[in-house]
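Down below is the structure, laid out as structure tokens.
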Amino acid sequence: MTLRVRSSAKVDGPVDLPAVPGFIESTFNPLVHHVATNCLAGQDIPGDRLAVVLGSLVGDCTTTDLASRLLVQGQVHNALLFMQATANAVLGYLSREFDITGPLLALSTMDGMDDELLDTAELLLADPGLDAVLVLGVELVPTERAAHALSLLPATAPRHDLAIALLLERHPEEP
Amino acid sequence: MTEEVVVTGFGVHTAFGRGAQAVRDGVFAGVPAFAAATRFDPTPYRTPMTAAAPGEPVLREVLHDCAHDAVTMAGLNRGAQAAVLVGSAGDWTAVTRFWREREETGLADSVPAHLAQGLADRLGLHGRRLAFTNACVASASALIHGWRLVSSGWAPAAVCAGAYLVEEENHAKFDSGRALAKDGAVRPFSAGRSGLLLGDGVAVLVLESARTARERGARVLARFTGWGIASDAYHVAKPHPEGRGMAAAARQALNRAGLSTVDYVNAHGTGTPLNDSAETNGLRSVLGPSTVVSSTKGTTGHMLEASGAVEFVISLLALLDGVVPPTANYFAPDPACDLDYVTEGPRKADLRQVLSLNAAFGGMNTAIVLEHA
């Protein structure tokens with residue numbers, strides 16, 4: 001199957017991101033929201049025929065580690081931090097905003113995130129019930145803990161926050 | 001051309017211990033596994049209760065043990081082509097240890113993808129290696145992805161897993177969100193239910209095409225004939241009150257399997273006030289009011305990312321044994337939950353099809369149909 005890029009968006013470097021109501025402390029969710037909304041703006045795809053796949057090696061390490069530091073310091077947890085540490089939170093937020101009722105997936109792989117996300121999109125689009133897949137790739141500058149973890153792996157930490165979104169569909173001229 | 005997908009092996013660990021017999025003795029007998037936590041000091045929290053096996057098992061080791069059981073049962077050898085797909089958020093104890101003691105042992109397992117890679121390396125399997133991190137539907141998503149890979153011919157087999165062990169980080173977070181049961185018991189679908197409690201869960205399934213299973217002479221345990229994934233598009237944290245996404249996922253799964261009904265539904269049934277009424281509404285809209293449903297989280301607790309895989313195993317055992325596991329800790333009927341929840345204890349039944357449901361934060365829902373081999 002040949003895929004066609006219907007729209008795309010990217011953040012690669014320091015940028016003032018619009019705040020996303022309810023999301024605090026970390027740039028992860030604003031990054032996801034920013035590239036996703038830019039990619040979906042003006043697109044007319046029925047929500048039940050659109051899938052979203054978010055790929056990130058370590059996820060929202062900023063929120064994860066902030067919550068963990070609060071825990072070991074004996075401070076009362078902020079329930080908001082729990083919500084934001086999983087990608088489900090921002091995916092759920094986007095699904096409501098764009099009425100997306102198709103599949104929402106979040107992945108982590110060490111075997112080449114770009115290729116895996118494209119393969120996953122192709123596999124999803126083999127389903128005749130779907131017309132398009134919004135692919136999101138997000139990586140933050142690692143926290144101290146995440147940097148230590150990544151130093152133990154064959155993985156490279158990004159030097160700045162980055163996010164990319166591609167809205168993919170089957171190539172219409174493919175036989 | 002699509003391949004028929006079958007199940008040829010499994011391994012499982014719950015608070016009741018390792019293996020199918022432990023599940024039969026605990027889950028199918030309706031025995032709640034809850035006790036005060038011993039892996040961390042629970043005194044700062046509103047409830048000390050969790051469903052955890054004794055000691056401090058290491059996530060990676062339990063995952064590898066279950067995978068060993070699964071591939072041994074399936075007869076899947078080292079060097080085979082098989083995807084390895086793990087539903088997990090990684091080892092949270094490594095995160096806590098880092099910040100508490102600056103300890104780096106096991107820190108790589110705080111990266112979910114490393115668990116999948118480590119499992120593939122341990123099993124000597126060749127193929128794509130992925131972690132699914134979408135919370136309580138993570139391992140159900142891994143299983144559905146495995147179905148897609150095998151059905152489409154992209155992989156001859158897929159080893160699909162879910163892994164979560166009780167630890168302090170998530171206990172603290174659910175406590176802060178006031179989501180934990182106040183009375184120390186998970187009471188799915190019951191009046192007076194007050195929330196969930198966390199539980200140990202690790203399960204590994206071997207999926208493969210019926211054709212390769214026949215060629216290998218592997219025993220087919222069940223057929224994986226349908227699945228669905230749908231989202232509520234309603235709220236970041238709350239389920240749609242009518243179970244919109246859950247119903248859509250169940251309909252997709254039944255359509256894919258070519259069924260209009262099933263003999264038993266293993267529900268997500270967390271024991272939270274909102275989930276259980278929403279799930280009931282969704283199920284009633286798809287299957288009608290006489291649906292036979294139980295939630296096994298009244299025995300196991302909520303196993304987060306592992307829920308889908310462990311409950312896949314429970315559904316498989318229900319099919320194999322002809323027994324519907326009961327809903328434990330049921331106290332009294334709730335008018336908002338009006339289906340047949342199998343509250344009297346395990347029920348013998350000639351089961352031909354089982355539907356397993358899961359839901360997650362963010363409004364994500366999955367449904368899986370298993371049928372008798």
Q: Consider only pairs whose beta carbons are under 8 Å apart and that are at least six residues apart or on different chains; among these, list those whose first residue lies in the stretch A:108-121 and is assigned to a helix (DSSP H, G or I) and whose second residue is surrounded by fewer than 21 Cβ atoms within 10 Å (Cβ to Cβ).
A: A:L118/A:L3; A:A121/A:L3
(Q) Going by what's in this entry, would B:E215 be described as acidic (D, E), surrounded by fewer than 24 Cβ atoms within 10 Å (Cβ to Cβ) and either in a loop (DSSP other than H, G, I, E, B) or without any contact (Cβ under 8 Å) to a residue 24 or more places away in the chain (or both)? (A) yes
Q. Any idea how many residues of the stretch B:322-339 are closer than 25 Å to B:V220 by Cβ and out of contact with any helix residue (DSSP H, G or I) (no Cβ under 7 Å at 6 or more places or on another chain)?
A. 2
Q: Can you work out which of the residues in the stretch A:57-84 that are out of contact with any Leu (no Cβ under 8 Å at 6 or more places or on another chain) and more than 8 Å from chain B (Cβ to nearest Cβ) is farthest from B:A247 (Cα to Cα)?
A: A:Q73
(Q) Checking B:S176 against (1) free of Cβ contacts under 8 Å to residues at least 12 places away in the same chain; (2) more than 30 Å from A:F82 (Cβ to Cβ), only one condition comes out false. Which one? (A) (2)
Q: Name every residue in the stretch B:270-320 that is within 13 Å of B:T14 (Cα to Cα) and of a type in the set (V, I, T), in order of residue number.
A: B:T296, B:T299, B:T300, B:V310, B:V313, B:I314
Q: Select, from B:T327, B:T280, B:T270, the only residue that is of a type in the set (V, I, T) and not in a loop (DSSP other than H, G, I, E, B).
A: B:T280
Q) Among the candidates B:A37, B:A70, B:A82, which residue alone is assigned by TED's automatic domain parsing to the domain that holds B:D183, touching a Ser or Thr at 6+ places or on another chain (Cβ under 6 Å) and modelled with pLDDT of 95 or more? A) B:A37
Q | Conditions (1) hydrophobic (A, V, I, L, M, F, W, C); (2) more than 23 Å from the chain's Cα centre (by Cα); (3) within 23 Å of A:L107 (Cβ to Cβ); number of the one not met by B:F40 | A | (3)
Q) Are there any pairs, at least 6 apart or on different chains, whose C-beta atoms fall under 8 Å, with the first in the stretch A:153-172 and of a type in the set (S, T, N, Q) and the second modelled with pLDDT of 90 or more, and if so, which? A) A:T156/A:L150
Q. Quick one: which of B:H126, B:H64 is on the phi < 0 side of the Ramachandran plot and out of contact with any strand residue (DSSP E or B) (no Cβ under 7 Å at 6 or more places or on another chain)?
A. B:H64
Q. Can you name the number of the only condition in (1) part of a helix (DSSP H, G or I); (2) away from every other protein chain (no Cβ under 13 Å) that A:P172 fails?
A. (1)
**Q.** Condition met for A:S108 (closer than 22 Å to B:N134 by Cα and hydroxyl-bearing (S, T, Y))
**A.** yes
(Q) Anything in the stretch B:43-75 that is more than 17 Å from B:L165 (Cα to Cα), hydrophobic (A, V, I, L, M, F, W, C) and either buried (at least 23 other Cβ atoms within 10 Å of the Cβ) or under 19 Å from the mean Cα position of the chain (by Cα) (or both)? List them, or say none. (A) B:A70, B:V71, B:A74
Q: Check whether at least one residue in the stretch A:148-169 is polar (S, T, N, Q), more than 10 Å from every other protein chain (Cβ to nearest Cβ) and more than 14 Å from the chain's Cα centre (by Cα), and report yes or no.
A: yes
Q.
Being facing chain B (nearest Cβ under 7 Å), aliphatic (A, V, I, L, M) and outside any loop (DSSP other than H, G, I, E, B) is the filter here; which residues of the stretch A:85-100 pass it?
A. A:A87, A:A89, A:L91
Q | Flag for A:L107 being under 28 Å from B:G153 (Cα atoms), surrounded by 23 or more Cβ atoms within 10 Å (Cβ to Cβ) and facing another protein chain (nearest Cβ under 7 Å) | A | yes
Q) Got a sec? Which of B:V293, B:V342, B:V262 is aliphatic (A, V, I, L, M), touching a residue at least 40 places away in the same chain (Cβ under 8 Å), away from every other protein chain (no Cβ under 14 Å) and not in a loop (DSSP other than H, G, I, E, B)? A) B:V293
(Q) I'd like the full set of residues that are part of a helix (DSSP H, G or I) and more than 9 Å from chain B (Cβ to nearest Cβ), limited to the stretch A:123-147. (A) A:L125, A:A147
**Q.** Where B:T212 falls short, out of the listed (1) in the same structural domain as B:V313 (by TED's automatic domain parsing); (2) within 19 Å of B:C160 (Cα to Cα)
**A.** (1)
(Q) Take residues that are more than 10 Å from chain A (Cβ to nearest Cβ) and charged (D, E, K, R) and tell me which of the helices (runs of 4 or more DSSP H) falling wholly in the stretch B:107-196 contain 1 or more. (A) B:112-123
**Q.** Positions within the stretch B:203-240 being farther than 20 Å from A:P46 by Cα, at pLDDT 95 or above and within 14 Å of another protein chain (Cβ to nearest Cβ), in sequence order
**A.** B:G226, B:W227, B:P239
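The values are calculated or read from the model by the stated rules, or taken from the named source; none is laboratory data. Keep in mind it's a predicted model, so treat the numbers as computed, not measured. Methodologically, a virtual Cβ is constructed for each residue, glycine included, from the backbone with ideal geometry; neighbour enumeration extends over all protein chains shown.
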